[in-house]
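Here the structure comes first, spelled out in C-alpha coordinates, and everything after it is commentary.
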Amino acid sequence: MLIEAVVVVAAPASDQVAWLDKYDVLPDEIALGYDDAFRLAGRLVDEGQLSPEVLPSLQMIDEVFSEMSHVTDVDRWTREALVTDAGWGRARQLAREVLTGEGEKMPPLPGIRVVR
(Lines give C-alpha, C1' and ligand atoms only; values in the text may rest on other atoms or scores of the structure.)
Protein backbone atom coordinates (compact mmCIF):
# COMPACT_ATOMS: atom_id res chain seq x y z
CA MET A 1 0.00 0.00 0.00
CA LEU A 2 2.80 2.42 0.87
CA ILE A 3 4.78 1.72 -2.31
CA GLU A 4 1.61 2.14 -4.39
CA ALA A 5 1.02 5.54 -2.78
CA VAL A 6 4.63 6.51 -3.43
CA VAL A 7 4.28 5.41 -7.06
CA VAL A 8 1.36 7.82 -7.49
CA VAL A 9 3.34 10.67 -5.90
CA ALA A 10 6.41 9.88 -8.02
CA ALA A 11 4.56 9.74 -11.33
CA PRO A 12 5.04 12.51 -13.88
CA ALA A 13 2.43 15.25 -13.56
CA SER A 14 0.83 14.26 -16.86
CA ASP A 15 0.36 10.69 -15.60
CA GLN A 16 -1.06 11.99 -12.33
CA VAL A 17 -3.60 14.13 -14.19
CA ALA A 18 -4.63 11.16 -16.36
CA TRP A 19 -4.96 9.00 -13.22
CA LEU A 20 -7.13 11.65 -11.52
CA ASP A 21 -9.31 11.91 -14.63
CA LYS A 22 -9.65 8.14 -14.92
CA TYR A 23 -10.99 7.83 -11.37
CA ASP A 24 -12.70 11.23 -11.28
CA VAL A 25 -10.95 12.31 -8.08
CA LEU A 26 -9.31 15.56 -7.02
CA PRO A 27 -5.53 16.13 -6.70
CA ASP A 28 -5.71 16.13 -2.92
CA GLU A 29 -6.52 12.42 -3.20
CA ILE A 30 -2.85 11.84 -4.04
CA ALA A 31 -1.77 13.43 -0.75
CA LEU A 32 -4.58 11.78 1.23
CA GLY A 33 -3.69 8.35 -0.12
CA TYR A 34 -0.06 8.96 0.76
CA ASP A 35 -0.98 10.13 4.25
CA ASP A 36 -2.98 6.99 4.92
CA ALA A 37 -0.16 4.74 3.75
CA PHE A 38 2.63 6.75 5.41
CA ARG A 39 1.21 5.90 8.82
CA LEU A 40 2.48 2.34 8.21
CA ALA A 41 6.07 3.34 7.43
CA GLY A 42 7.54 2.92 10.91
CA ARG A 43 6.01 -0.50 11.38
CA LEU A 44 7.17 -1.59 7.91
CA VAL A 45 10.72 -0.57 8.80
CA ASP A 46 10.49 -2.42 12.14
CA GLU A 47 9.26 -5.55 10.35
CA GLY A 48 12.06 -5.36 7.78
CA GLN A 49 9.69 -4.79 4.87
CA LEU A 50 10.97 -1.27 4.20
CA SER A 51 14.53 0.00 4.21
CA PRO A 52 15.26 2.40 7.08
CA GLU A 53 17.28 4.51 4.63
CA VAL A 54 14.11 5.65 2.83
CA LEU A 55 12.28 6.72 6.00
CA PRO A 56 13.72 10.29 5.98
CA SER A 57 12.51 10.82 2.40
CA LEU A 58 9.08 9.45 3.30
CA GLN A 59 8.94 11.85 6.24
CA MET A 60 9.94 14.76 4.01
CA ILE A 61 7.12 13.93 1.58
CA ASP A 62 4.74 14.01 4.54
CA GLU A 63 6.16 17.39 5.57
CA VAL A 64 5.76 18.79 2.04
CA PHE A 65 2.11 17.77 1.95
CA SER A 66 1.54 19.07 5.49
CA GLU A 67 3.04 22.42 4.55
CA MET A 68 0.90 22.57 1.41
CA SER A 69 -2.19 21.83 3.51
CA HIS A 70 -1.48 24.65 5.94
CA VAL A 71 -1.27 27.25 3.21
CA THR A 72 -4.65 28.75 2.37
CA ASP A 73 -3.85 28.81 -1.35
CA VAL A 74 -6.32 26.30 -2.82
CA ASP A 75 -4.59 26.70 -6.19
CA ARG A 76 -1.98 24.22 -4.91
CA TRP A 77 -4.62 21.49 -5.07
CA THR A 78 -5.53 21.77 -8.75
CA ARG A 79 -4.52 19.68 -11.74
CA GLU A 80 -2.56 22.66 -13.04
CA ALA A 81 -0.59 22.84 -9.79
CA LEU A 82 0.62 19.29 -10.30
CA VAL A 83 2.65 20.68 -13.20
CA THR A 84 3.64 24.09 -11.83
CA ASP A 85 3.77 23.98 -8.02
CA ALA A 86 7.18 23.55 -6.38
CA GLY A 87 5.70 21.49 -3.54
CA TRP A 88 4.35 18.89 -5.95
CA GLY A 89 7.71 18.85 -7.73
CA ARG A 90 9.57 18.32 -4.44
CA ALA A 91 7.21 15.53 -3.36
CA ARG A 92 7.64 13.88 -6.76
CA GLN A 93 11.44 14.03 -6.51
CA LEU A 94 11.45 12.59 -2.98
CA ALA A 95 9.07 9.81 -3.99
CA ARG A 96 11.35 8.85 -6.86
CA GLU A 97 14.25 8.68 -4.39
CA VAL A 98 12.21 6.30 -2.23
CA LEU A 99 11.47 4.05 -5.19
CA THR A 100 15.14 4.02 -6.15
CA GLY A 101 16.15 3.29 -2.56
CA GLU A 102 13.76 0.37 -2.47
CA GLY A 103 14.97 -0.94 -5.82
CA GLU A 104 11.56 -0.35 -7.36
CA LYS A 105 11.06 0.58 -10.98
CA MET A 106 8.30 2.98 -11.94
CA PRO A 107 5.33 0.65 -12.47
CA PRO A 108 2.00 1.76 -13.88
CA LEU A 109 -0.12 3.74 -11.46
CA PRO A 110 -2.26 1.50 -9.28
CA GLY A 111 -5.99 1.21 -9.65
CA ILE A 112 -8.27 2.49 -6.93
CA ARG A 113 -11.84 1.86 -5.95
CA VAL A 114 -13.82 5.04 -5.41
CA VAL A 115 -16.83 4.74 -3.13
CA ARG A 116 -19.37 7.49 -3.61
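Normalise the Cα radius of gyration of the range 17-83 by 2.2 N^0.38 Å (N = residues in it) and let me know the number.
Details: Rg = 13.9 Å, N = 67, 2.2 N^0.38 = 10.9 Å.
Taking the Cα Rg and dividing by 2.2 N^0.38 Å, one obtains 1.28.
When ligands, DNA and RNA are left out and all protein chains stay put, how many square angstrom of accessible area per residue does the chain have with a 1.4 Å probe?
Details: 6730 Å² over 116 residues.
For the chain, the per-residue accessible area is 58 Å².
Under 12 Å from the Cβ of L99, count the other residues' Cβ atoms, weight Lys and Arg +1, Asp and Glu -1, and hand me the total.
Values: positive: R92, R96, K105; negative: E4, E97, E102, E104.
Summing Lys and Arg as +1 and Asp and Glu as -1 gives -1.
How many percent of the accessible area of the chain is carbon or sulfur, using a 1.4 Å probe?
Values: 3480 of 6730 Å².
Accessible surface attributable to carbon and sulfur in the chain totals 52 percent.
Set the Förster distance to 22 Å, then compute FRET efficiency between S69 and M106 from the Cβ-Cβ distance, nearest 0.05.
Values: r = 26 Å, r/R0 = 1.18.
Given R0 = 22 Å and the Cβ-Cβ separation, E is 0.25.
The values are calculated or read from the model by the stated rules, or taken from the named source; none is laboratory data. Computed from a prediction, not measured in an experiment: that's the story for all the values here. In this analysis, Cβ positions are derived from the backbone assuming ideal geometry, glycine residues included, and neighbour counts consider all displayed protein chains. Remember, those area values only see protein heavy atoms, side chains included, never the ligands or the DNA or RNA. Shrake-Rupley method; radii C 1.70, N 1.55, O 1.52, S 1.80 Å.
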